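Written out below as structure tokens is the structure these notes cover.
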Amino acid sequence: MPVSRRTLLPRPSKSTALTAAALVVACASLTTGCGVIPGSTGESRDEPVTVMTWAPENTKATNKPGIPAMAKAYARWVNAHGGLDGRELKVITCNDHNDPVGAADCAREAVAKKVAAVVGSYSQHGQSFLSPLEVAGIPYIGGYGVTDEEFSSPLSYPVNGGEPALMAGNGRQLAARCERVSLVRPDTIAGDALPKLLDAGLAEGRRKPAADIRAPEDGTDFTSQAEQALTRAGTGGCVTAALGARTDTFYDSYRRTKDAYPTAKISSVLGSVDQSLIDRTGGAEGPYEGAYVTGWYPAASDPRWDEMREVIRQQAFGDNRVDPADAGVQTTWIAYTVLKQVVESLDGDEVSSRSLRRALDKGLQVKTGGLTPTLSWRFKDMLAASDFPRLVNADITFQVVRDGRLVPARKGFVNVSKTLEGVR
């Protein structure tokens, strides 16, 4: 049987004991600097808050360079004004190349660099990037909302209603104006979800389902799709396109084709058509005059965007990637607004992926200056829709191009919660 031995240490001298006592008192009063106390104010404020923002760039299809550029501009601005509650904000960017491997690589880099969150990003490959984030416990805050996974993952905190709200809202907007609707959309997995969403909105206005016309995501000529869309829309109908960066390419084919068919109204959603595109194509004299556009947020000219515009002016002047009318730039601004308020709510405690998730899950109320409703991600704040259980903001806006400007077609927000809850 082993014998238990007691190690005898020399008794400290009186002066040593007094010195130790003084150190204990000093450490207790400072709570930092003597040993590691996770979450303490001094320790955490010495470390930067590191996050990642990703988006596709330099691809043949969808590109969103304004998203990482806006994230970097925001970091420069917030650091010039004292950081996030006294902490430096460090933004790492990544190009997901618009493919599943690239999206997974970005997520793995986020894990390897131990970021506190992925903020204000865009990717069409939710299955690829969310799994690594979930394993590491990294929250995904304010993604663009283009994939179903962003509205189902427990680590996703969306700030808008994503493509589901836009398409359901577009159906609501067009139901009051169109006898029939043709939808031109990408022939992708993400695109496959769009028809039923648009149809749900049309059904509320007692309209028939839209003609579903698929188009290659990286197409350069859409004459065939334009002919199909015009034929199916007929007299008094509407053609709506949700092709992202390729939407203007489609409408270019449409312009060259439309004279041989009955006149149809045109429509789209924000992110596929925005003010900068309208300006580039001739404004009031261009093809989008009179077009109906469904968005998530107030029109780009609304004064509620003034602070974002000032940040862009100060920190991204001359960077043509950062367009204040771009829905990706706008969503990134709102996502970083959420991050800022979450960090401030920690009141000097440790900023980590875990502490951010805890604050968000406990029901932090985030205000965005009227750009969205107050945001909160408690269970009771989420939509009662089985397909989109993480969706907390179902507000959209109806806009129209008038005199070359995107302006409200209807005052205020339109809530499409009931529409989305009825999607099957």
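Average accessible surface for the range 240-388: 42 Å² per residue, computed with a 1.4 Å probe over protein heavy atoms with every protein chain in place. Pick out, from Y336, F250, A215, the residue whose Cα sits farthest towards the positive end of the charge dipole of the chain, with +1 on the Cβ of Lys and Arg and -1 on the Cβ of Asp and Glu. Highest projection toward the positive end goes to Y336. Dipole size of the chain about its Cα centre, with +1 on Lys/Arg Cβ and -1 on Asp/Glu Cβ: approximately 1080 debye, rounded to the nearest 20. With equal scatterers on the alpha carbons only and no solvent term, can you work out the Debye log10 of I(q)/I(0) for the range 301-408 at 0.17, 0.21, 0.22 1/Å? Scattering profile of the range 301-408, log10 relative to I(0): -0.99, -1.22, -1.26. A straight chain from D192 to K60 at 0.36 nm per residue would run longer than the Cα-Cα distance by 45.5 nm.
From the largest down, the chain spans 102, 56, 36 angstrom on the principal axes of its Cα atoms. In the calculated pair-distance distribution of the range 276-332, the portion above 15 angstrom amounts to 56 percent of the Cα-Cα pairs.
Cα centroids of the range 143-160 and the range 205-224: 25 Å apart. Comparing Cα centroids, the range 262-300 and the range 69-89 end up 33 angstrom apart. Between E421 and T235, the simple label model (points 7 Å from Cα in the Cβ direction) yields a spacing of 4.1 nm. Rolling a 1.4 angstrom probe over the protein heavy atoms with all chains in place gives the range 136-227 an accessible area of 33 Å² per residue.
In this structure, the residue pairs whose Cα-Cα separation is over 23 Å, taken from K196/K418; K90/K114; K64/K411; K208/K265; K367/K411; K113/K362, are K64/K411; K113/K362.
Result for the chain in a Gaussian network model with C-alpha springs under 10 Å: among T263, T368, T93, the largest mean-square fluctuation is at T263. According to the Cα-based calculation, Rg over Rh for the range 92-203 is 1.06, with Rh computed by the Kirkwood formula. The accessible surface of the chain, taken with every protein chain in place and a 1.4 Å probe, is 51 percent carbon and sulfur. For the range 76-217, the residue among G161, F151, A104 whose Cα projects farthest onto the positive side of the dipole built from Cβ charges is G161.
How many angstrom separate the Cα center of the range 387-407 from the Cα center of the range 322-361? Between the Cα centres of the range 387-407 and the range 322-361 lies a distance of 22 Å.
For the pair V407 and Q365, how long in nm is the line joining their label points, each one 7 Å along Cα→Cβ? Between V407 and Q365, the simple spin-label model gives 3.5 nm. Size descriptors for the range 56-121: radius of gyration and Dmax over Cα atoms are 13.2, 41 Å. Placing dummy labels 7 Å off each Cα toward the beta-carbon, the span from R313 to H81 is 1.3 nm. Within the chain, antiparallel bridges make up roughly 30 percent of the DSSP beta bridges whose residues both belong there.
The values are calculated or read from the model by the stated rules, or taken from the named source; none is laboratory data. Computed from a prediction, not measured in an experiment: that's the story for all the values here. Methodologically, a virtual Cβ is constructed for each residue, glycine included, from the backbone with ideal geometry; neighbour enumeration extends over all protein chains shown. The protein model used for the area step is the full one, side chains on, heavy atoms only, and it has no ligands, DNA or RNA in it. Shrake-Rupley method; radii C 1.70, N 1.55, O 1.52, S 1.80 Å.
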